[in-house]
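Below is one structure; the comments refer to it alone.
The values are calculated or read from the model by the stated rules, or taken from the named source; none is laboratory data. Because the structure is a prediction, the values reported are computed rather than measured. Cβ placement follows ideal geometry from the backbone for every residue including glycine, while neighbour counts extend to all protein chains displayed.
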Amino acid sequence: MLRPVALSLHLDQAQTEYAIQTTGRHLILANSAILTLRCRSKATIWRNDPPFKEVYDLTSMTFDELGLDPQILRAIQEKGYTTPSPIQAQAIPAVMAGGDVMAAAQTGTGKTAGFTLPLLNRLIKGARARDQQVRTLILTPTRELAAQIAESVTTYGKHVKLCSNVIFGGVPAGPQLKKLRQGTDILIATPGRLLDLINQGAMKFDTLEVFILDEADRMLDMGFIHDIKKIISKLPRNRQNLMFSATFSDDIRKLAKGLINNPTEISVSPRNSTAGSVTQYLIPLERTRKADALVELIKSNNWTQTLVFSRTKRGANKLATYFESQGISAVAIHSNKSQNARTKALSDFKAGKVKVLFATDIAARGIDIDDLPQVVNYDLPEQAEDYIHRIGRTGRAGLRGQAISLVSADELHLLVDIEKLTQKLIERRKLGGFEPHTPLPEAELGAKVPRPQKKAPASRNRNFGARGPR
């Protein structure tokens, strides 16, 4: 496979055609000052008149070669990073070139640093934001993601003098309003709270330089399209636009047409693919045995940190309570929890104070743990794309991870959808003592299976089996 890398060449004669020979492919590029290549190891660039030939070794690319400010490089080094991820290696030069960018990469590949690093590099060269003015707006769908981006900005911007603020709902607006009055170089916001504060006249976008739409696919899934359009209508036309997403769906491309002008498009993995660093398998079992099976897996394998996805908020709460009763420290995180409760739950999980974190899909988008060893799908997601986002929580930063799905026969249609999307059959493994009474049928890729009829809830206790919640 070709390894995606970036090669930035600042060429003297922009009108000269350059032939680029890489391992595995040959390209002819014209009128380009910055060339972004995909290749395995080396690139040879030459021209005939005047004679020019250079060979570049691309396997050893470091952050030092991307043209970032020394103070930003210092912060990167303090985090222990030396080599950019594929999305960073391609996105950073493209963003620094000043044009609009559309970038897609799997969850956990470093998309956030892919735009925060070049953004910081740009902003430190300009004048600080005046009162109430915003120089950069980063729009993201959830509070957790906003907090994650804010942490990235703080981490990599620790040695530069820039002001960043983060605003989202679920907390009092007063302190946020106070900070905005002083001017903001980087504003990270969720759509709802941002529109509220815009309507209150809390900020101005007269000097806005950059607009970033992060997790664009999730924005659309959550129904924020109208809010996004309202926000864009408040922004000046002359700005740099960046769109980052886990996937480039048809709806994303439709949104991009009204937002991005002649963008550089970057995609470091095939559409709807799963990370190769994640070992995936499923365990067929009865729905009523899922909770006990997961208890067995955690105890027998001595798992100390496990992220578990529940389809519903109520289910996540019940599972957390049940696991506590089984002597396994657990906590739930979802949109009904207060911001303080969500922050504490995530902090305790990262610190190892809690072994199991039960989460819904929306809340989990902001969970960023480099060395999370395993993810469990307690319920398969209704949307097949969410499976990719879920398992992308593990196998990050060059580490291995595993994703285990507990699948009952009534979820066969969801499994078929996932395998059709990823074009891969998920390995099946038996768990001794938990073999299902109703077998999980084998299905070929793209096979049609009956869809179950939606039933009205029989009782408020329907999620519990003989010993615990399903």
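Miscellaneous remarks
- Options 266, 298, 232, 228: the member that is of a type in the set (Val, Ile, Thr) and not in a helix (DSSP H, G or I): 266
- Of the set (1) in the same structural domain as residue 374 (by TED's automatic domain parsing); (2) surrounded by fewer than 17 Cβ atoms within 10 Å (Cβ to Cβ), all apply to residue 261 but (1).
- Whether a residue is in contact with a helix residue (DSSP H, G or I) (Cβ under 9 Å, 6 or more places away or on another chain) and either outside the structural domain of residue 185 (by TED's automatic domain parsing) or under 18 Å from residue 239 (Cβ atoms) (or both) was assessed, and residue 73 does not pass this test.
To keep it simple, each residue is scored yes or no on (1) of a type in the set (Lys, Arg); (2) in the same structural domain as residue 385 (by TED's automatic domain parsing); (3) in contact with a helix residue (DSSP H, G or I) (Cβ under 8 Å, 6 or more places away or on another chain); (4) in a helix (DSSP H, G or I).
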| position | (1), (2), (3), (4) |
| --- | --- |
| 84 | no, no, yes, no |
| 89 | no, no, yes, yes |
| 93 | no, no, yes, yes |
| 99 | no, no, no, no |
| 113 | no, no, yes, yes |
| 117 | no, no, yes, yes |
| 120 | no, no, yes, yes |
| 128 | yes, no, no, no |
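- One residue from 181, 122, 128 being charged (D, E, K, R), touching a strand residue (DSSP E or B) at 6+ places or on another chain (Cβ under 8 Å) and without any contact (Cβ under 8 Å) to a residue 60 or more places away in the chain: 128
- The condition of being surrounded by fewer than 18 Cβ atoms within 10 Å (Cβ to Cβ) and at pLDDT 95 or above holds for residue 327.
- The criterion of at least 3 residues that are buried (at least 22 other Cβ atoms within 10 Å of the Cβ) and of a type outside the set (Val, Ile, Thr) is met, among strands (runs of 3 or more DSSP E) falling completely within segment 331-445, by 356-359, 401-407.
- Residues in segment 178-218 that are assigned to a strand (DSSP E or B) and either surrounded by fewer than 23 Cβ atoms within 10 Å (Cβ to Cβ) or of a type outside the set (Gly, Ala, Ser) (or both): 184, 185, 186, 187, 188, 204, 210, 211, 212, 213.
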